[in-house]
Amino acid sequence: MTSNVRRLPYHGMFVLSGLLIALGICTVGRSLAAEEPAGNGKVTITQQDDSLRVLIGGRLFAEYVFGGYSRPIVYPIVGPHGIGMTRNFPMKPDVQGESRDHPHQKSMFFGYGSVSGVNFFAESAESGKIVHDKLLKLESGTERGLIRTLNNWVAADGKIVCTDTRALTFHTVDGVRAIDWEITIHASHGDVQFKDDKHGSMAIRTHPNLRLDNAPSRGVTTANGQAVNSEGVSGKAVFGKRAKWIDYWGEIDGKTVGIAIFDHPANPRHPTWWMARGYGYVAADPFGGHAIGGEPPGTGDMLIKAGQDVTFRYRYLFHEGEPKQAKVAEQYGRYAK
């Protein structure tokens, strides 16, 4: 990729209330859609101002929102039985039973805390922004849908630090809804230095019921989640551990559902370290060897020389049942091949 990337105007904040009404987003304890099996069906993607809406079999699955925030996000994400799988805050700020901490942890996103000295994770006047540049490909299909975009990583002073091309694939795997990420970081504007840090990078903030602990002082009283990784480590002990995959699951609306996240074996530093918190924030962090893994300082540092790039791939499965019932280990084995 060359350095003269075309930059489009940054989209303003879309009209949130209208979007929420259009999506039919409901409060915690209620489904986002009518009761339904996961099911297969044609994947249809349509553009709506600053977002791309993804339907499977005519029903809402997810929305890729590329304008209005400090970075593109995926919200909402609808899992088995029409259940919203991620926290609504801050996109929908007054949902009962949700905490209002960490407003930068918006549903599902990719970002990082130290990229050539710029924080692309926090949201402050000094932080950088990952700005949608252009849509490279939009494809609906009988089995899967694809969104491919180009994005600029822009510092607070307007300087482009680097760029990324990302492909998000929406599909079903054995009847289970899935989102595959492939994101390539391009050192298109000079060397890019990822410093060992605990903030990022491939992240999701789960529905509050999938948290491992409650926080009554913050309004969370329905957490009943559990966690396990590919190495058999469970509960809060998954924090900072290296693993091929991780799974958070629990009961929402009387149904047991979960989110499994797969780290592709071709990824740098596989198996990755996991920034897996008890409050439902889960992130694959291939740069966090010291910050979360407890290894020597600088273990997670990565330099991408000017003109070069690095690619990361992940899969999210939004499944029914606990991990054994959902055959998460077997699903990972197929993904790894």
Using amide H atoms built in the peptide plane, which far-off residues or other-chain residues are under 5 Å from D133 H to H? L150, N151, N152
Whole-Å distance linking the alpha carbon centroid of the stretch 199-231 with that of the stretch 269-318 is 19
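From Cα pairs below 8 angstrom and at least 6 apart in sequence, can you work out the relative contact order of the stretch 93-140, rounded to a whole percent? Present the calculation step by step, with values, prior to reporting the outcome.
Values: 26 pairs, mean separation 9.6, N = 48.
Across the stretch 93-140, relative contact order equals 20 percent.
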Net charge contributed by nearby residues that have their C-beta within less than 14 Å of L210 (K/R +1, D/E -1): -1
What residues have an amide H closer than 5 Å to that of I83, excluding those fewer than 5 places away on the same chain, when H is modeled at 1.01 Å from N in the peptide plane? L32
Given a Förster distance of 30 angstrom, what is the FRET efficiency for K137 paired with T221, based on the Cβ-Cβ distance and rounded to 0.05? 0.10
Expected vector for the stretch 60-73, Karplus 3J(HN,Hα) from phi with 6.51, -1.76, 1.60 and θ = phi - 60°, integer Hz, x for Gly and Pro, equals 4, 10, 7, 9, 8, 9, 10, x, x, 10, 6, 7, x, 9
So for the stretch 91-151, using the alpha carbon gyration tensor with a ≥ b ≥ c as root eigenvalues (a/c under 1.5 gives rounded; past that, a/b versus b/c decides prolate or oblate), I'd call it oblate
Taking just the alpha-carbon atoms of the chain, what radius of gyration and Dmax come out, in angstrom? 18.6, 53
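Throughout, read-outs are computed from the coordinates displayed, never taken from laboratory work. The structure displayed is predicted, hence computed values, not measured ones. No Cβ is skipped: glycine too gets one built from the backbone with ideal geometry, and neighbour counts run over all protein chains shown.
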